[in-house]
Amino acid sequence: MSESAIAFPNLGIHLEHVGKRFTIAGFDIAFYGIIIGIGILAGILLAEREAKRSGQDKEVYLDYAIYAVVCSIIGARLYYVIFSWEHYKDNPLQIFNLRQGGLAIYGAVIAAVLTLIVYVRLKKQNFWLMADTGCIGLIAGQAIGRWGNFFNREAFGDYTDNLFAMKLPVSAVRSSEITAKMQEHMQDGCIQVHPTFLYESLWNAVVLIVLLIYRKHKHFDGELFFIYLGGYGLGRVWIEGLRTDQLTLGSTGIAVSQVLAGCMVVLSFTVIVVRNVQRCRKKSIEKQKN
């Protein structure tokens, strides 16, 4: 295989030339950035469409998106840098070198939520209603954005020979992400791994479908947002455990994103159950009064 090749041998898919970037007027443009951009745009458009469908002012979401996109990029970078400080402590200026990669989706989500908290206070909007509407666009953007990892040959798991196994030339990936198990099964200078970016993209698409189906049946503002948090977190708990490029808590070896995802699942499940139990009790009391 050439260095630019990517294959899914058990699916019979062999792509000989998958570039990481292309050049226009001497300026390199990374496919990763284009995919992320497409994901952001698709997310904004979907959120605006959902706002219109539910009788909200879609301009409010466009206004919020301008701030959220900027803050989310900063948040994604800060999250990555904080938990990869060993790579930056001796050369802090590299923190600003986004062209070398290093963005974490959890940092983006946290920043987007914090931005929304500030935004609704200034604009006197309903936080939970905006969170319900926005999370539909957010999960769609995440599903698309994960394909940026495909072009970068990153965010993959350990060796596997399952149906979706992905084959990559060793020369195209970072050596720090190659495990002993991969080396043991290496053939012709290539490793065969879990395409965890694909797993997460498909999982996010499923979560999006669930949200779109359930949105007309939600019982309280914020329910869709907690379904998003729990649904995304549930998939991430499993998928993060497969990856070989985990951000860890110091030298503990504990994956930060896996812990955070687990907390999201517990929190979301608890809130949804408690709120619905309260709703049912209220209806029962009102029925008895009548």
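The values are calculated or read from the model by the stated rules, or taken from the named source; none is laboratory data. Source: prediction; values computed, not measured. Cβ placement follows ideal geometry from the backbone for every residue including glycine, while neighbour counts extend to all protein chains displayed.
Scanning region 198-254 for residues that are buried (at least 22 other Cβ atoms within 10 Å of the Cβ), among the basic types (Lys, Arg) and farther than 22 Å from residue 104 by Cβ yields nothing. Among the candidates 258, 192, the residue that is touching a His at 6+ places or on another chain (Cβ under 7 Å) and surrounded by 12 or more Cβ atoms within 10 Å (Cβ to Cβ) is uniquely 192.
Being more than 19 Å from residue 159 (Cβ to Cβ), part of a helix (DSSP H, G or I) and hydroxyl-bearing (Ser, Thr, Tyr), is that true of even one residue in region 235-256?
Residues of region 235-256 that are more than 19 Å from residue 159 (Cβ to Cβ), as a first pass: 235-237, 247-254, 256.
Cutting the leftovers down to part of a helix (DSSP H, G or I) gives us 235-237, 256.
Applying the additional criterion that residues be hydroxyl-bearing (Ser, Thr, Tyr) yields none.
No, the conditions are met nowhere in region 235-256.
For beta carbons closer than 8 Å, sequence separation of 6+ or different chains, a first residue in region 182-205 that is over 25 Å from residue 142 (Cα atoms) and touching a residue at least 12 places away in the same chain (Cβ under 8 Å) and a second that is among the basic types (Lys, Arg) and outside any helix (DSSP H, G or I), the qualifying pairs are 190/167; 191/167.
With respect to residue 167, determine if the residue is among the basic types (Lys, Arg), surrounded by fewer than 21 Cβ atoms within 10 Å (Cβ to Cβ), touching a Pro at 6+ places or on another chain (Cβ under 6 Å) and touching a residue at least 24 places away in the same chain (Cβ under 8 Å). So residue 167 passes the test. Within region 206-214, one or more residues are more than 20 Å from the chain's Cα centre (by Cα), at pLDDT 95 or above, in a helix (DSSP H, G or I) and more than 24 Å from residue 35 (Cβ to Cβ). Quick one: in region 118-166, of everything that is of a type in the set (Val, Ile, Thr) and assigned to a helix (DSSP H, G or I), which residue is farthest from residue 19 (Cα to Cα)? Per the stated criteria, the residue is 120. Reported count of residues in region 27-83, each being in a strand (DSSP E or B) and of a type in the set (D, E, K, R), is 1.
Within region 120-128, can one find any residue that is aliphatic (A, V, I, L, M) and in contact (Cβ under 8 Å) with a residue 12 or more places away in the chain? So that I can check it myself, show each step before the final result.
In the first step, residues of region 120-128 are kept if they are aliphatic (A, V, I, L, M); the result is 120, 122.
Retained after the next criterion (residues that are in contact (Cβ under 8 Å) with a residue 12 or more places away in the chain): none.
There is no residue in region 120-128 that is aliphatic (A, V, I, L, M) and in contact (Cβ under 8 Å) with a residue 12 or more places away in the chain.
Considering region 138-163, and only residues there that are of a type in the set (A, V, I, L, M) and modelled with pLDDT of 95 or more, the residue that is surrounded by the most Cβ atoms within 10 Å (Cβ to Cβ) turns out to be 138.
Would it be correct to say that residue 66 is buried (at least 17 other Cβ atoms within 10 Å of the Cβ) and under 19 Å from residue 140 (Cβ atoms)? Walk me through how you get there before you give the answer.
On the way: buried (at least 17 other Cβ atoms within 10 Å of the Cβ): no; under 19 Å from residue 140 (Cβ atoms): yes.
When the stated conditions are applied, residue 66 does not pass them.
Suppose we keep only residues that are among the β-branched types (Val, Ile, Thr) and assigned to a loop (DSSP other than H, G, I, E, B) within region 167-204. Which one would you say is nearest to the chain's Cα centre (by Cα)? Among those residues, the one meeting the criterion is 173.
Does residue 116 fit the bill of being within 17 Å of the chain's Cα centre (by Cα), closer than 29 Å to residue 225 by Cβ and in contact (Cβ under 8 Å) with a residue 24 or more places away in the chain? Here the answer is no, as residue 116 does not meet what is asked. Only one of the numbered conditions (1) farther than 26 Å from residue 6 by Cβ; (2) surrounded by fewer than 23 Cβ atoms within 10 Å (Cβ to Cβ); (3) not aromatic (Phe, Trp, Tyr) is violated by residue 135, and that is (2).
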